[in-house]
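Read-outs throughout are calculated quantities, based only on the coordinates presented, and are distinct from any laboratory measurement. Treat the numbers as computed from the prediction; the structure is a model and nothing was measured. With ideal geometry, Cβ positions are generated from the backbone for all residues, glycine too; neighbour counts draw on all protein chains shown.
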Number of protein chains: 2
Amino acid sequence: MKILKDRLLKDGKVIGDDVLEVDSFLKQQLDPVLMKQMADEFYERFKEKKVTKILTVEASGIAPAIMVGYNFNVPVVFGRKQKSVTLNDNMYSATVFSYTHQTSNEIVISRDFLSADDHVLIIDDFLANGQAVEGLLDIVNQAEATVAGIGISVEKSFQKGRKMLDEQGYQVESLARISSFEGGKIHFLDEE
Amino acid sequence: MKILKDRLLKDGKVIGDDVLEVDSFLKQQLDPVLMKQMADEFYERFKEKKVTKILTVEASGIAPAIMVGYNFNVPVVFGRKQKSVTLNDNMYSATVFSYTHQTSNEIVISRDFLSADDHVLIIDDFLANGQAVEGLLDIVNQAEATVAGIGISVEKSFQKGRKMLDEQGYQVESLARISSFEGGKIHFLDEE
């Protein structure tokens, strides 16, 4: 998606070998017009699929997810991150390891909001090692729901997440695929 | 706002004397069509004001805020909640006491995203004792920015937050104002 790639080149900051800082438009400060354009692009890429629910994880997944949910006219459910979880029969939970922070979190979702009838489109802002998405997939499986697809804003294609999801046979759509940060600059996979 | 009040009556659950559970459409699961209608109503109520930025707090403030930001075509900034904060010159922070959880959190926002030139519309999902909004106002003041107004989805008018904000002279617009939960049912202030 050209408009997102251009914005990453303009306002993204490469830090070291593998960190991309996008706080000014995708993380702590959000550009709602860009979010809407991204949501429209996700809709285009998944509109042939049956989708009954959008699933994401707090906090930075919520903004793109709500706009995708509006386009599909279906509810949006977000997982809460918790340090530890008290076992509770009414919760799905999955453990997610963060390479960035070198800590584990639980993602927790009430069973009221995901069932075996659901066709779930997973939306998240970043795909690197794929731990957050794997946690969400784990929860979709616990609910015996169907995965309609996985939509990612920014993918670091040189890390293992995308390959892992492809091997599991999911339709993964990433709006910007980064091949490397060589020389401190963003390089994209040449796809267009 | 009739459509929100009707939805609260239909899907909100009153728990005890002062808790309203809205997990199925405003909290963990979000209804994006309702969010858009609420954002349109906030736009109507504040469109005469100069607004350069929307400010909210994670997690459940993000969805309404991003849609309001889209209507105003301005960036959305959200405060992160943290248990404790390491002092950092590049952060605004405010301490917020939660009566629900009986704990204090810090709300943290990077100085990069709020400045003295900003006219800030604060959006949040609930107003009860007003602690979260007071924290956001504290941060706007630290930035020497201007408060354009305060937009709230659901106000518990029988708690002290609204009165406190009115006394400070802000334009506060709440889309549903609850006067009591007498008899385990939601009663609204008669405004229309």
Self-check item: Which numbered condition A:GLU155 misses (of (1) free of Cβ contacts under 8 Å to residues at least 60 places away in the same chain; (2) in a helix (DSSP H, G or I); (3) in contact with a Leu (Cβ under 8 Å, 6 or more places away or on another chain))
Solution: (2)
Exercise. Go through (1) in a loop (DSSP other than H, G, I, E, B); (2) farther than 23 Å from A:VAL74 by Cα and name the single condition A:SER115 misses.
Key: (2)
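Quick grid of which residues meet (1) out of contact with any Lys or Arg (no Cβ under 8 Å at 6 or more places or on another chain); (2) more than 11 Å from every other protein chain (Cβ to nearest Cβ); (3) not hydrophobic (A, V, I, L, M, F, W, C):
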| position | (1), (2), (3) |
| --- | --- |
| B:LYS2 | yes, yes, yes |
| B:ARG7 | yes, yes, yes |
| B:VAL14 | no, yes, no |
| B:ASP18 | no, yes, yes |
| B:VAL33 | yes, no, no |
| B:LYS49 | yes, yes, yes |
| B:ALA59 | no, no, no |
Quiz item: Among the residues of the range B:125-148, is there at least one that is in a strand (DSSP E or B), over 15 Å from the mean Cα position of the chain (by Cα) and within 14 Å of chain A (Cβ to nearest Cβ)?
Solution: no
Self-check item: Spans of helices (runs of 4 or more DSSP H) in the range A:1-106 with at least 2 residues under 16 Å from the mean Cα position of the chain (by Cα) and crowded, with 20+ Cβ neighbours inside 10 Å
Solution: A:32-46, A:62-72
Quiz item: Going through the range B:95-123 one residue at a time, which ones are touching a strand residue (DSSP E or B) at 6+ places or on another chain (Cβ under 8 Å), within 14 Å of chain A (Cβ to nearest Cβ) and in contact (Cβ under 8 Å) with a residue 24 or more places away in the chain?
Solution: B:ASN105, B:ILE107, B:VAL108, B:ILE109, B:ARG111, B:PHE113, B:LEU114, B:ASP118, B:VAL120, B:LEU121, B:ILE123
Quiz item: Mind checking which residues of the range A:67-81 are in contact (Cβ under 8 Å) with a residue 12 or more places away in the chain, over 18 Å from A:ALA143 (Cα atoms) and within 8 Å of chain B (Cβ to nearest Cβ)?
Solution: A:MET67, A:GLY69, A:TYR70
Quiz prompt | Contacts under 8 angstrom Cβ, first residue in the range B:7-28 being closer than 20 Å to A:VAL76 by Cβ, partner among the polar types (S, T, N, Q), 6 or more apart | solution = B:ASP11/B:SER24; B:ASP23/A:SER110; B:ASP23/B:GLN29; B:LEU26/B:SER60; B:LEU26/B:SER153; B:LYS27/B:SER60; B:GLN28/A:SER110
